[in-house]
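The values are calculated or read from the model by the stated rules, or taken from the named source; none is laboratory data. Just so it is clear, the structure is predicted and the values come from calculations on it, not from any experiment. Here the Cβ is made from the backbone with ideal geometry for all residues, glycine too, and neighbour counts use every protein chain on show.
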Amino acid sequence: MKSSKYKDLKFYSKKQVQEITQDLDEIIVIPVNRTFEGVNRVYSFTEMTEILRKADKIASGICGCKRKYENCEAPRDGCISLDTVADAYLENEPSTEREISIEKALELLQKSHEAGLVHISYTMKDDEKPGLICSCCPCCCHTLGSLIRNGTHPKMLTSKYIANNDEGLCIRCGKCVDRCAFNAREIVDDVLVYNDSMCFGCGLCVSTCPENAISLVPRDV
């Protein structure tokens with residue numbers, strides 16, 4: 001189902017999104033007569049913390065999507081590159097990237113999470129080590145925004161975790177509904193309706209629930 005929530009905001013045209021996707025596909029072509037499958041993977045706050053702590057080098061860059069469209073006031077410096085990818089970005093001239101400490105990286109992660117951003121990386125299937133992780137919002141970012149606007153995110157995103165609700169604890173306050181970037185939740189006749197096929201385990205609902213009624217559990221498939 002397409003989302004009309006962001007229809008009146010400035011955003012990438014269909015042609016621009018196609019060009020960005022084409023550029024990404026060209027970057028990962030490896031001429032060795034083998035097929036590599038890329039996926040857009042969503043990470044939870046806990047997963048991101050572990051990824052950052054295991055990295056040898058971390059760099060932070062300015063998000064071009066948020067800088068271009070400014071549809072929200074979310075942090076602009078939440079795009080994180082790691083290890084060899086960080087080296088490559090830091091060597092580019094001119095570059096908005098800067099090397100940061102693990103402490104600074106965790107601080108940026110916390111701010112991004114509090115602002116409701118979703119951590120996404122385009123990786124090879126079964127590759128657990130991302131090189132570039134974007135902190136995305138649906139209102140500005142070309143990947144997350146395009147998928148949600150067109151209702152294709154259930155087919156194009158993957159994650160290790162999914163949210164689980166404790167109905168006995170839920171007070172139906174609606175805070176998780178407002179917090180969910182994927183439109184997986186709504187309140188209907190004072191009942192929380194949760195579509196788990198639209199959930200990608202980012203954990204934004206978990207940290208905002210006042211009754212601790214939501215937790216992340218491993219995805220079955």
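Right, residue 185: among the charged types (D, E, K, R), touching a helix residue (DSSP H, G or I) at 6+ places or on another chain (Cβ under 9 Å) and buried (at least 18 other Cβ atoms within 10 Å of the Cβ) or not? Judged against the criteria, residue 185 is a match.
Considering every residue within the stretch 150-168, establish whether at least one is hydrophobic (A, V, I, L, M, F, W, C) and under 20 Å from residue 61 (Cβ atoms). No: zero hits. Given the structure, is residue 188 outside the structural domain of residue 43 (by TED's automatic domain parsing) and over 23 Å from residue 72 (Cβ atoms)? Yes.
Screening residue 77 on (1) at pLDDT 55 or above; (2) under 25 Å from residue 158 (Cβ atoms) shows it passes everything except condition (2).
If you check 186, 167 for being charged (D, E, K, R) and farther than 30 Å from residue 122 by Cα, only one passes: 167. In the stretch 64-78, which residue that is without any contact (Cβ under 8 Å) to a residue 60 or more places away in the chain and in a loop (DSSP other than H, G, I, E, B) is farthest from residue 46 (Cα to Cα)? So, considering only residues that are without any contact (Cβ under 8 Å) to a residue 60 or more places away in the chain and in a loop (DSSP other than H, G, I, E, B), the one farthest from residue 46 (Cα to Cα) is 73.
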